[in-house]
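A short write-up of the structure that comes next.
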Amino acid sequence: MPKTADHADIVASWKTKAVTINGKQITITQFIHDMQTNKDEPGENEDLIRECKGIDHFSWGEKSQNTYCFSLACCFYLRVKWVMSYFFGRELEQAKQADLHLFFDNDQLDAGYLWSEEAFVKSFTGFMDEIGAVPIDEDSSEN
């Protein structure tokens with residue numbers, strides 16, 4: 001399991017859409033800029049940048065693209081694996097459309113990571129089934 005932040009403290013104002021993640025104030029413009037300047041490999045974040053462009057505000061309490069980008073921002077600023085967006089997305093979608101304060105300790109983040117991995121596998125295998133992909137049995141393949 002990857003090393004995660006030791007805690008996540010997410011605070012947001014519904015009226016102003018002002019967001020802080022572990023005490024750092026975040027805007028969608030700043031998030032897109034930070035992803036562009038901190039790329040590990042050329043093109044690595046282009047799909048995320050494209051998906052988040054044009055969003056004026058983060059949001060929660062729904063399954064909008066704004067909420068999706070907010071969950072990605074949680075991953076980015078907490079320095080956790082992107083798969084954790086499954087966890088943060090779920091938590092943000094369940095939140096009320098009002099002022100928000102979410103706090104997760106290290107144990108909760110570790111459990112969220114395991115849940116996210118399982119959710120990703122389920123989503124991925126479901127997609128592969130939809131397109132008719134056939135699993136490869138590595139034990140029976142010739143080398």
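Rounded to two decimals, the Cα radius of gyration of the stretch 1-121 over 2.2 N^0.38 Å is 0.99. Could you tell me how many degrees, from 0 to 90 and to the nearest 10, lie between the Cα long axis of helix 85-94 and the main elongation axis, the longest principal axis, of the Cα atoms of the chain? The two axes meet at around 50 degrees. Rounded to the nearest 500, the 222 nm mean residue ellipticity of the chain from helices alone is -14500 deg cm²/dmol, with -39,500 (n - 2.57) taken per DSSP H run of at least 4 residues. For W14, the residues whose amide H sits under 5 Å from its own are D99, L100, ignoring neighbours fewer than 5 places away on the same chain, with H placed 1.01 Å from N. Across the stretch 78-83, computed HN-Hα scalar couplings (Karplus, 6.51 cos²θ - 1.76 cosθ + 1.60, θ = phi - 60°) run 8, 6, 10, 4, 4, 4 Hz from first to last residue, x flagging Gly and Pro.
Counting Lys and Arg as +1 and Asp and Glu as -1, each charge on the Cβ, what is the dipole of the stretch 1-139 about the Cα centre in debye, to the nearest 20?
Using only the charged Cβ atoms, the result is roughly 840 debye.
P(r) tail for the stretch 61-109: Cα pairs beyond 19 Å make up 17% of the total.
Each label was represented as a point 7 Å from its Cα along the Cα-to-Cβ direction; for K24 and D9 these points are 1.5 nm apart. Across the stretch 111-116, rounded Karplus estimates of 3J(HN,Hα) from the backbone phi angles (6.51 cos²θ - 1.76 cosθ + 1.60, θ = phi - 60°) give 5, x, 5, 4, 4, 5 Hz, Gly and Pro being marked x. Normalised per residue, the accessible area of the stretch 54-137 is 60 Å², obtained with a 1.4 Å probe and no contribution from ligands, DNA or RNA.
If the chain linking D56 and K17 were pulled fully straight, counting 0.36 nm for each residue of separation and taking away their Cα-Cα distance, it would gain 13.1 nm.
The values are calculated or read from the model by the stated rules, or taken from the named source; none is laboratory data. The structure displayed is predicted, hence computed values, not measured ones. Because the Cβ atoms are built from the backbone with ideal geometry, glycine has one as well, and the counts that use them run over all protein chains shown. What goes into the accessible areas is simple: the full protein's heavy atoms, side chains included, and nothing from ligands, DNA or RNA. Shrake-Rupley method; radii C 1.70, N 1.55, O 1.52, S 1.80 Å.
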